[in-house]
1. Being in a loop (DSSP other than H, G, I, E, B) and free of Cβ contacts under 8 Å to residues at least 40 places away in the same chain is the filter here; which residues of the range 214-237 pass it?
2. Determine which member of the set Glu221, Glu189, Glu179 is open to solvent by 60 Å² or more (accessible area, probe 1.4 Å) and under 19 Å from Thr106 (Cβ atoms).
3. Filtering the range 159-176 down to residues that are of a type in the set (A, V, I, L, M, F, W, C) and open to solvent by 70 Å² or more (accessible area, probe 1.4 Å), which residue is farthest from the chain's Cα centre (by Cα)?
4. Tally time: how many residues in the range 131-158 are farther than 19 Å from Leu204 by Cα and in contact with an Asp or Glu (Cβ under 6 Å, 6 or more places away or on another chain)?
5. Scan (1) open to solvent by 20 Å² or more (accessible area, probe 1.4 Å); (2) of a type in the set (Gly, Ala, Ser); (3) within 30 Å of Lys231 (Cβ to Cβ) for the single condition Ala208 breaks and write down its number.
6. Any idea which of (1) on the phi > 0 side of the Ramachandran plot; (2) modelled with pLDDT under 85 is the one Gly70 doesn't satisfy?
7. Report, by residue number, each residue of the range 154-166 that is over 11 Å from Leu193 (Cβ atoms) and at pLDDT below 95.
8. Give me the pairs, please: first residue somewhere in the range 23-40 and without any contact (Cβ under 8 Å) to a residue 40 or more places away in the chain and surrounded by fewer than 14 Cβ atoms within 10 Å (Cβ to Cβ), second residue anywhere and in a helix (DSSP H, G or I) and not aliphatic (A, V, I, L, M), beta-carbon distance under 8 Å, and either six or more positions apart or on two chains.
Amino acid sequence: MERLQKIIAEAGYCSRRKAEELIKQGKVFVNGKKVCELGTKASFGDQILIEGKLIEYQEKEYYLFYKPRGVVTTTKDDKGRKTVLDFFDDVGKRIYPVGRLDYDTTGLLLLTNDGEFANLMMHPKSKIDKLYVVKVKGIVTPNEVKKLKVGVKLDDKVIYPSRVKLKRIDKKKMTSILEITIHDGVNHEVKRLIKYIGHEVIKLKREAFGFLTLGSLKSGEKRKLTPKEVKVLYNMAVSETINKKKN
C-alpha cells in the first residue's frame, strides 16, 4: 500500500504535487469511492479513476530532447502551435516535459512518464545546475557580469547564479555571448537576469542539465536516458535535498 498521490505519480499520470491538487479537488475515485484526503493509501490493484480516466501502470521511460525554437513546452496548445509532444508520436506512452523552456528558447529538455522523477528534477531544493548560452544586444561589461555574480533579487528572493562567464563580444554587431549556470526554479530567470543588467536576449539555448549535454543531437531529435543516467540524476537531487534539510 502506498499513498494515493505517489501511485498516481508513479503511473505517469502527473506529478505528485498535481496529484495532491486533484485529490483535494475531489477528482479522484478509488474503487468507485471519491477520495479527498491526502493520507489515503491504495495499491496498483485498485481501480483508480482520475477525471473519469482509469490509470494504468506504465514502464518508466526517460528522454533527452533537443527542443527547437518556436515549439511550446506543453502537452497541448489552444493556439494550435507545435508542442514538444509532437516529436514523440512514436513513443506510444503518455509522457510529459520536466519543467519548461520558453517558446523561443532552444536546447536540452527532459521528458518522462515518471511523475516522481519529474517532480524531484523540478523542485528548487534539488539545486540541479542548468547551463544556458545566451546572446544579448549590446556589449556586456565585466562590471555587469559582477552584478549578476553578487546576486539579483527576483520574486522576493536573491538569486545567485552558479556561474557567469562572458564568452565573447562583437563590437561591430554590438552583441555579447554569455554562459549562465542557474539552479533556481524562477520563471524566465535568465531573461530577467539579462534585463537586470540592461540588456535584451536575442537567442537563448540550454546546453546542459546537470551532467547531461546535447551531445550529437540535432534540433528536434531525442534519445532515451540510460538507467545509469537516471540513477545519477536521482541521486544528485536526493543528496542535495538531504543536505538542504541538514543545513
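The values are calculated or read from the model by the stated rules, or taken from the named source; none is laboratory data. Just so we're clear, the structure is a prediction, and the values are computed from it rather than from any experiment. Here Cβ is always computed from backbone atoms with ideal geometry, including for glycine, and neighbour counts include all displayed protein chains. Heavy atoms of the whole protein, side chains included, go into the accessibility calculation; ligands, DNA and RNA do not. Shrake-Rupley method; radii C 1.70, N 1.55, O 1.52, S 1.80 Å.
1. Within the range 214-237, Gly215, Ser216, Thr226 qualify.
2. Every option except Glu221 fails the conditions.
3. Here the answer is Met174.
4. Result for the range 131-158: 0.
5. (1)
6. Failing condition for Gly70: (2).
7. Asp155, Asp156, Lys157, Val158, Ser162
8. Hits for this filter: Cys36/Lys24; Leu38/Gln5; Leu38/Glu20; Leu38/Lys24.
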